[in-house]
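Participant: Take this structure first; my questions come after.
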Amino acid sequence: VMIIDTPRTKAAIGFLKSAGPIQIGAISIDCKNDYAAILVTSLDDQPIDQSKKVLITAMTDDRPYGFDAPGGTIRSLGQFPFTVENIDATVNLGRIVRSLPDISTLDENGMPRGRGGEKLATDAVYTVWKP
């Protein structure tokens, strides 16, 4: 597992399921996917703990449709389109919030598509958190 810990970005990348819950400063990440990359980034040039807008990016394994490699032996390379494993993760920013924050999920083009929560949407790469 690789950890990034800067004032404006916190991230965990790697075999997160086997690592268990990860604490990076005040942020906790609990991911049930075998492999994932989860990044928490300030969007307003402030440290995350003071930021008014935070982007959470979550990505899991992707592979060509039909890819088959039982036991590590590739039987089929698959074809387009690529498929992405649904995310199964919770990110807690560690803040004391008196009212429910504005949490929006975004589509792959960065356009709003719905509300979110600490438990990340299974099919959303991007989540924007505004207290």
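The values are calculated or read from the model by the stated rules, or taken from the named source; none is laboratory data. Given the structure is predicted, the values throughout are model-derived calculations rather than measurements. Cβ: placed from backbone, ideal geometry, glycine included. Neighbour counts: every protein chain shown. The protein model used for the area step is the full one, side chains on, heavy atoms only, and it has no ligands, DNA or RNA in it. Shrake-Rupley method; radii C 1.70, N 1.55, O 1.52, S 1.80 Å.
Participant: Condition test on residue 1, is it open to solvent by 50 Å² or more (accessible area, probe 1.4 Å), in contact with a helix residue (DSSP H, G or I) (Cβ under 9 Å, 6 or more places away or on another chain) and free of Cβ contacts under 8 Å to residues at least 60 places away in the same chain? Please lay out each step first, then the result.
Facilitator: Working: open to solvent by 50 Å² or more (accessible area, probe 1.4 Å): yes; in contact with a helix residue (DSSP H, G or I) (Cβ under 9 Å, 6 or more places away or on another chain): yes; free of Cβ contacts under 8 Å to residues at least 60 places away in the same chain: yes.
The answer is yes for residue 1.
Participant: Pick from the range 71-97 the residues that are in contact (Cβ under 8 Å) with a residue 60 or more places away in the chain and under 17 Å from residue 17 (Cβ atoms): which of them is most open to solvent (accessible area, probe 1.4 Å)? Break it down stepwise before answering.
Facilitator: Filtering the range 71-97 for residues in contact (Cβ under 8 Å) with a residue 60 or more places away in the chain gives 89-95.
Subsequent filtering for residues that are under 17 Å from residue 17 (Cβ atoms) retains 89-91.
Numbers: 89: 1, 90: 47, 91: 6 Å².
Filtering the range 71-97 for residues that are in contact (Cβ under 8 Å) with a residue 60 or more places away in the chain and under 17 Å from residue 17 (Cβ atoms), the one most open to solvent (accessible area, probe 1.4 Å) comes out as 90.
Participant: Mind counting the residues in the range 27-73 that are in a loop (DSSP other than H, G, I, E, B) and of a type in the set (A, V, I, L, M, F, W, C)?
Facilitator: 3
Participant: Follow-up question, since we're still on this one. Look at residue 110 and say whether it is assigned to a loop (DSSP other than H, G, I, E, B), closer than 17 Å to residue 122 by Cα and out of contact with any Leu (no Cβ under 7 Å at 6 or more places or on another chain). First the steps, then the outcome.
Facilitator: On the way: assigned to a loop (DSSP other than H, G, I, E, B): yes; closer than 17 Å to residue 122 by Cα: yes; out of contact with any Leu (no Cβ under 7 Å at 6 or more places or on another chain): yes.
For residue 110, the condition - assigned to a loop (DSSP other than H, G, I, E, B), closer than 17 Å to residue 122 by Cα and out of contact with any Leu (no Cβ under 7 Å at 6 or more places or on another chain) - is met.
Participant: Going residue by residue through the range 110-117, is there one that turns out to be open to solvent by 80 Å² or more (accessible area, probe 1.4 Å), at pLDDT below 80 and farther than 22 Å from residue 1 by Cα?
Facilitator: Pass one, the range 110-117, residues open to solvent by 80 Å² or more (accessible area, probe 1.4 Å): 111-113, 115.
With at pLDDT below 80 added as a condition, the list becomes 115.
So of that shortlist, the ones also farther than 22 Å from residue 1 by Cα come out as 115.
Yes.
Participant: Could you please let me know if residue 68 is touching a strand residue (DSSP E or B) at 6+ places or on another chain (Cβ under 9 Å), farther than 18 Å from residue 119 by Cβ, surrounded by fewer than 16 Cβ atoms within 10 Å (Cβ to Cβ) and not polar (S, T, N, Q)?
Facilitator: Answer is yes for this residue.
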